[in-house]
1. Label points 7 Å out from Cα along the Cβ direction at Lys174 and Asp130: separation in nm?
2. Give me the number: length gained by fully extending Lys118 to Glu41, i.e. 0.36 nm times residue separation minus the C-alpha to C-alpha distance, one decimal in nm.
3. Using 0.36 nm per residue of separation minus the Cα-Cα distance, give me the extension gain between Ala16 and Lys163 in nm, one decimal.
4. Report the net charge of residues surrounding Trp178, where surrounding means a beta-carbon distance below 14 angstrom and charges are Lys +1, Arg +1, Asp -1, Glu -1.
5. Just in region 7-69: which GluC sites (Glu not before Pro) are loop by DSSP and have at most 14 other Cβ atoms within 10 Å?
6. Can you give the FRET efficiency to the nearest 0.05 for Gln5 and Ser31, using r as the Cβ-Cβ distance and R₀ = 22 Å?
7. Ranked by Cβ crowding within 10 angstrom, fewest neighbours first, how are Ile125, Ile32, Ile47 ordered?
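Just so you know, all these numbers are worked out from the coordinates, no wet-lab data involved. This one's a predicted model, so the numbers in the text were calculated from it and none came from an experiment. Note that we place each Cβ from the backbone using ideal geometry, even for glycine, and neighbour counts take in every protein chain shown.
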Amino acid sequence: MEDRQIVELFWQRNEAAIAETQKKYGSYCRSIAGNILSQDEDVKEVINDAYLGTWNAIPPHRPENLSTFLGKIVRRLAMKKLRYLTAEKRVSNEAAVSIEELESCIPSPLRAEAHLEKAELTESINRFLDTLKPEERRIFLRRYWFCDPIPSICSQYGFRQSKVKSMLLRTRKKLASWLRKEGFL
């Protein structure tokens, strides 16, 4: 079923929208949540919450790209669950490691004006990503958006770990420099 048809089912409040979304994007959602969370029960909970979140968000939203819309919801919920699980150092996984890698580049969210800067920071990072070569951008996003483990990225792109690690390190340094020039650091 086409995305626009699935979105229309959501707009009609037809419960078949959930089933069609699950059929078309279930493995995509499992991949995103599974790269962030290590427990299968947590992944299932996040995916179910994402379907509910999608049901509640459509309407009023009418996403042009359902996979991106759903992916953002899954990722946001998985990161929220990860923060909960790691608050007491209950787990350590690939997502936590990738977040730690980026901490030196991203400004602290504790500043009072952080809420105002969030949209500006997002736009700045998007502009930065546009400056990267396509391969660099894909590897950066696989690691820091999808939280893919480095060995998975290596097998996907046919690179050795040392190459992927050095690409990520150089890209993080470029990002830090970019954000300094943009006034975020």
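1. Result: 1.5 nm between the two label points.
2. 24.6 nm
3. Contour length minus Cα-Cα distance gives 48.4 nm.
4. Neighbourhood net charge equals +3.
5. Glu15, Glu64
6. Efficiency, from the Cβ-Cβ distance: 0.45.
7. Going from sparsest to densest Cβ surroundings: Ile125, Ile47, Ile32.
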